[in-house]
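This report refers to the structure that appears directly beneath it.
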């Protein structure tokens, strides 16, 4: 399912539906709720827990190589009560795709997947955000 991009004062909504923020363009943001990642040898959600999987593409819009680190530029889910949930790195790797982390050359993009452990009773009316190290943040709303 797609996420509805809702630009903050830091981001610009582009005609193609993507968002530009600082040196990055963020596009193709989608999400999925599941109780298992990684199949038979993966991990099942605990009782009262849902896994939220978010995919997105990050493009370097500059003429210089840029670095992205999910440890520094944190992808998070904002719960309706205002609580924040950080991406779970191990769960993200089990979700079967690469993380976006690393060097991105000028004009190129990288697509990745991040997984979150969310309380089942709070898995509606959430937002996804990336808090960049330069202080800018991107926020998107979950479209049902």
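Each reported figure results from applying straightforward, stated rules to the coordinates on display, with no laboratory input. These figures come from a predicted structure and were not determined experimentally. When we count neighbours, we look across all protein chains shown, and the Cβ atoms used for this are built from the backbone with ideal geometry, even at glycine.
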Check: Sorted from fewest to most neighbouring beta carbons within 10 Å, what does the list 142, 128 look like?
Finding: 142, 128
Check: When a footprinting reagent is the concern and you count Cβ atoms within 10 Å, what order do 121, 73, 55 take, fewest first?
Finding: 121, 55, 73
Check: By counting other Cβ atoms within 10 Å of each Cβ, how are 65, 111 ranked from fewest to most?
Finding: 65, 111
Next item on the list: List the extent of the Cα atoms of the chain along each of their three principal axes, largest first, rounded to whole Å.
Entry: 47, 31, 25
Note to self: From Cα pairs below 8 angstrom and at least 6 apart in sequence, can you work out the relative contact order of the chain, rounded to a whole percent?
What the structure shows: 29
Check: Cα convex hull of segment 32-90: mean projected area in nm², to one decimal?
Finding: 6.0
Next item on the list: Go ahead and estimate [θ] at 222 nm for the chain from helices alone: -39,500 (n - 2.57) per DSSP H run with n ≥ 4, summed, over the residue count, rounded to 500.
Entry: -1000 deg cm²/dmol
